[in-house]
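Chemist: This is the structure I want to talk about, given as structure tokens.
The values are calculated or read from the model by the stated rules, or taken from the named source; none is laboratory data. Computed from a predicted structure; not experimentally measured. Neighbour counts are summed over all protein chains in view; Cβ atoms, including those assigned to glycine, are modelled from backbone coordinates with ideal geometry.
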Number of protein chains: 2
Amino acid sequence: MKRPLYTFAPLLLAAGLAAPAAEAPAPRSRPPAVVSPELQADGHVAFRLQAPKASEVVLNGQWPDGRAPMAKDASGVWSVTVGPVEPGVWEYNFQVDGLSMIDPGNPAIKPMRAPRTSILHLPGNPPLIHDFQDVPHGVVRQHTYRSKSLGRLRELAVYTPPSYDQQRDTRFPALYLQHGSGDNQATWVVHGKAHWILDNLIAQGRARPMVVVMMDGHAAIGGGPAGFQDNTAAFQRDLLEDVMPFVEASYRVKADAASRGIVGLSMGGGQSLTIGLNHLERFAWVGGFSASAPSKDAVAAALEDPAATNQKLKLLWIGCGKNDFLLQRNQAFVALLADNNIRHEWQLTDGAHSWPVWRKYLAELAPKLFR
Amino acid sequence: MKRPLYTFAPLLLAAGLAAPAAEAPAPRSRPPAVVSPELQADGHVAFRLQAPKASEVVLNGQWPDGRAPMAKDASGVWSVTVGPVEPGVWEYNFQVDGLSMIDPGNPAIKPMRAPRTSILHLPGNPPLIHDFQDVPHGVVRQHTYRSKSLGRLRELAVYTPPSYDQQRDTRFPALYLQHGSGDNQATWVVHGKAHWILDNLIAQGRARPMVVVMMDGHAAIGGGPAGFQDNTAAFQRDLLEDVMPFVEASYRVKADAASRGIVGLSMGGGQSLTIGLNHLERFAWVGGFSASAPSKDAVAAALEDPAATNQKLKLLWIGCGKNDFLLQRNQAFVALLADNNIRHEWQLTDGAHSWPVWRKYLAELAPKLFR
């Protein structure tokens, strides 16, 4: 390296690197105008938003009785104090004259296709299964890849367990874990705390160390039932042709069906049940949480020869909450499995179509996997 | 594993796992009400926001002439089409009756302490140095750790270069890369595209493969000049006592000063220059981008014996834009270095206090490091 004594070089960087001369000032970084959320010693939580011109601001929280009108002070700051709020990872947002928005005082945002939701994480004492605990921790790795099957850039998150970087000669089982229709590949970690759930279960000796692969479930554009099927088909191509080969080349994972699981929630539950039951040569562990459960036609191949299907399946796990709007669909799917003598485990639980339920399902299911 | 033929078990999960009976419905996931941003074939971009009750909505974009009033249609959707917008990674937000907010149609959000900014990434053709290109890619790894020096949970992001996972017997140099006061540990990747800048430079043979460590620069609470110094001191403790030992135990990095760099922007530039110049036994490569440059007193130790300082320093790099509000402070710092015969490289460039400048600085500086 050359080391000039002084380089007083008031020169532009090379032309290709010069900033546009007319560049406008960036929206300025600055500390929050108000503190929000503010956790108080007694478990109450204060929420604040500076919006002097708004006519009505409402706090919409996921915890029990979480909806609360906010009041404006003379400086234009809306606020409300609620609680005590139970420990949990809760969603909330502000409705400003009917417009739902994140809390701009809070850097914790639920990863979504249409982001309107902030995260209030109140750890338990003692800590809950999804809380960070003082145990060995795995790592979450972010990849961007060009999907050949879909012809565009995609994102991927991969959890490796605490022992992964030490046990260099060990190969691990792999769980492909899908999110719901509002989410993306980051949601199971940032909001679902899948990494901490696994860390804690592994530390307790309750789950086997495993690699967890979290894809973006939105593979095709378009809505409605047809769009849903198109999306599952596109997602399957990306999974089988791009992601699994990438993961199996890049990570020390076992590549047999008994060492692979596919599980998801809501839309991702539909994807997991459909793809898993049609590819039992690849996945012996299949699960759906509050799933957009597939039709009979979509899983016809697995129903044809129940003995063969049951022989390949290590576990087919279905869970749904009593207050879930997809309960009937899950009950119908479970009845279909029973009518066709397909072995499965069915958990009807408390809860609605929501992340508190799905965190518990992961904590319930993970210990059963790869045994 | 036990495999019951049927487990029709309409039972609650174990008591500790049951959902709160009174759990409120979550804010519902749903597709965006409107499409925003929408990139059109001719380089124009349409922005939309559904806000029927708002009186005024303004688009505030970072690109040249990026401020534009939006108009409301009969369905309550505000929109504006602008451009063509030049390729780049641009910040923007909506100002809804004076309240700055992210675009709820866009999942790409700039990681900030007070998140109010969305990201519009328009790749160049040919691709720019910060664009994803079809070259070998590194990995970004996310860690949460309990900082012993600060007594709380902290986040950390670590980039490993493309060759890291293959060259198992190689140790790599490490760059500690800091963000500005509005940002956090995720900003250099999500918004700065540091990982792609490094991938591209390494693929071109222009930069040496290196590990990049990105900490959360907000280590202490409190504002103003005193708060800034307190924060730098707290950040230094976390860096030296927690993060560097963790990184050097967990990653295959070289642990000598000639293989360590510390560089940052704005607040993080102040941290990097202050900590680097006071710890030349640890960092031989030091840099500040648009830095909150330290006072004479804060770097007195390095000024005392210029020959010793110059002997330890491999490179001291200072860059600032002509339209940066910290220009005078940087010029004063550079004059201080000159007056004290401290060897350095000074780049006065076009641009303001903004990320387009800092991406270019990283692309300019990285090739000089660890030579």
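Chemist: Out of the stretch A:185-201, which residues are outside any loop (DSSP other than H, G, I, E, B) and of a type in the set (S, T, N, Q)? Step through it out loud before you land on a result.
Modeler: Of all residues in the stretch A:185-201, those outside any loop (DSSP other than H, G, I, E, B) come to A:187-190, A:194-201.
Matches in the stretch A:185-201: A:T187, A:N200.
Chemist: I need the full set of residues from the stretch B:112-136 which are more than 7 Å from chain A (Cβ to nearest Cβ) and not hydrophobic (A, V, I, L, M, F, W, C), in order please. Explain how you work it out, then say what you get.
Modeler: Of all residues in the stretch B:112-136, those more than 7 Å from chain A (Cβ to nearest Cβ) come to B:118-131, B:133, B:135-136.
Within the stretch B:112-136, B:S118, B:H121, B:P123, B:G124, B:N125, B:P126, B:P127, B:H130, B:D131, B:Q133, B:P136 meet the criteria.
Chemist: Taking B:Q229, is it in a loop (DSSP other than H, G, I, E, B) and more than 10 Å from chain A (Cβ to nearest Cβ)? If you could, list the steps in order and put the result at the bottom.
Modeler: On the way: in a loop (DSSP other than H, G, I, E, B): no; more than 10 Å from chain A (Cβ to nearest Cβ): yes.
In short, no.
Chemist: Hey, among A:S147, A:S181, which residue is in contact with a helix residue (DSSP H, G or I) (Cβ under 8 Å, 6 or more places away or on another chain), over 24 Å from A:L201 (Cα atoms) and more than 7 Å from chain B (Cβ to nearest Cβ)? I'd like the intermediate steps shown before the answer.
Modeler: Values: A:S181 fails: more than 7 Å from chain B (Cβ to nearest Cβ).
Being in contact with a helix residue (DSSP H, G or I) (Cβ under 8 Å, 6 or more places away or on another chain), over 24 Å from A:L201 (Cα atoms) and more than 7 Å from chain B (Cβ to nearest Cβ) holds for just one of A:S147, A:S181, which is A:S147.
Chemist: Could you please give the count of residues in the stretch B:33-51 that are part of a loop (DSSP other than H, G, I, E, B) and away from chain A (no Cβ under 12 Å)? Lay out the reasoning, then the answer.
Modeler: Applying the first criterion (part of a loop (DSSP other than H, G, I, E, B)) to the stretch B:33-51 yields B:33-37, B:40-44, B:51.
Filter once more, keeping what is away from chain A (no Cβ under 12 Å): B:37, B:40-44.
Total meeting the criteria: 6.
Chemist: If you check B:A54, B:A74, which single one turns out to be more than 12 Å from B:G105 (Cβ to Cβ), in contact with a Lys or Arg (Cβ under 9 Å, 6 or more places away or on another chain) and not in a strand (DSSP E or B)?
Modeler: B:A54
Chemist: Right, here's the next one. For the stretch A:328-336, check the following and say yes or no: at least one residue is within 24 Å of the chain's Cα centre (by Cα), within 11 Å of chain B (Cβ to nearest Cβ) and under 23 Å from A:A233 (Cβ atoms).
Modeler: No, the stretch A:328-336 contains no residue that is within 24 Å of the chain's Cα centre (by Cα), within 11 Å of chain B (Cβ to nearest Cβ) and under 23 Å from A:A233 (Cβ atoms).
Chemist: Further, regarding this structure: So which residues in the stretch B:21-49 are over 30 Å from the mean Cα position of the chain (by Cα) and modelled with pLDDT of 90 or more, if there are any at all?
Modeler: B:D42, the sole residue that qualifies.
Chemist: Right, something else. Determine, yes or no, whether A:A233 is free of Cβ contacts under 8 Å to residues at least 40 places away in the same chain and small (G, A, S).
Modeler: Yes.
Chemist: Tally up the residues in the stretch A:84-125 that are under 24 Å from B:E38 (Cβ atoms), without any contact (Cβ under 8 Å) to a residue 60 or more places away in the chain and in a loop (DSSP other than H, G, I, E, B), please.
Modeler: Residues that pass the stated criteria total 5.
Chemist: To continue, here is another question. Where in the stretch A:260-371 are the helices (runs of 4 or more DSSP H), entirely inside, with at least 3 residues that are in the same structural domain as A:Q178 (by TED's automatic domain parsing) and among the small types (G, A, S)?
Modeler: Details: elements: A:267-278, A:300-304, A:306-312, A:327-339, A:355-365.
Answer list for the stretch A:260-371: A:267-278, A:300-304, A:327-339.
Chemist: Taking only the stretch B:150-178 into account, find how many residues are of a type outside the set (A, V, I, L, M, F, W, C), more than 18 Å from B:N200 (Cα to Cα) and assigned to a strand (DSSP E or B).
Modeler: 5
Chemist: Failed condition for A:Q133, given (1) outside the structural domain of A:F283 (by TED's automatic domain parsing); (2) in contact with a strand residue (DSSP E or B) (Cβ under 8 Å, 6 or more places away or on another chain); (3) within 23 Å of B:A157 (Cα to Cα), with all others met?
Modeler: A:Q133 satisfies every listed condition except (2).
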